[in-house]
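Asker: Got a structure here, written out as structure tokens. Questions coming.
What follows is calculated from the coordinates using simple rules that are stated; it is not laboratory data. In this text the structure is predicted, and so the values were computed from the model without any measurement.
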Amino acid sequence: MIKIPLFLLLFLSIPAISFAQSGWQLARTDDGIMIYTRRIPSAKFKEVKVDFEIDATEDQLITILQDIPRHNTWSYGTKRTYVISKKGKDTIIYYSEIALPWPLSNRDAVIQISFAKDSVNNLLHIRAKSVAGVIPQYPDLVRIPSSLATWDVTELPNKKLKIEYILSADPGGDLPGWLVNMGATVGPNNSFRKLRELIAKMNHRKKIN
């Protein structure tokens, strides 16, 4: 089975199996990871929303997301990532290459990720947006023209987090729709499962130390 990574799977159209509020359509639910899509009139591709809970603290989540070189340990399809620059402690600009199966060209992007705490509403806002003109394009890769991912993170009792993740993007190039649609829910499901596993290992190490 050909696998398409999270970065590309999260925003392309897939058949919906039920309807949700604000135009969201539930496409898959697995182990508490609920994946929705919706069509935006002005956009070519659908937005994707993922709702799930995780046994973690805000500090643990921030630590993992700011550990840029290790994104490939949990983010589906990520081949390599590295930090380009930092703006204070809350904003990082980094490079990411996403692997696609042959004969498709790998994609890449420069992302600015920022973290902001809303103490009034008890929310952690995380925003990851592609930025242009930071580094030259590589001739053998397709630069993703635009992407925006947001995380709204709410702290729950007993060291749990409730996460709403929304992504809209344009992958660039000419990816066949049928190929991406074939495995459209695999990427987000695998990525957030691996994120859970990674944090579970962190919690286990803390208990035995």
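Asker: Take every Cα pair under 8 Å in segment 6-208 that's 6+ residues apart, average their separations, divide by the length, and report that relative contact order as a whole percent.
Answerer: With pairs under 8 Å counted, the relative contact order is 24 percent.
Asker: To continue, here is another question. Where the Cα atoms of segment 6-208 are projected onto their three principal axes, how long is each span, largest first, in whole Å?
Answerer: 46, 42, 34
Asker: Using the alpha carbon gyration tensor of segment 123-170, what are the three equivalent-ellipsoid semi-axes (square root of 5 times each eigenvalue), largest first, in whole Å?
Answerer: Over the Cα atoms of segment 123-170, the semi-axes work out to 32, 10, 9 Å.
Asker: List the lysines whose Cα sits under 21 Å from the Cα of residue 159, skipping any in the same chain fewer than 8 residues away.
Answerer: Candidates past the 8-residue exclusion: 117, 194, 201, 206, 207.
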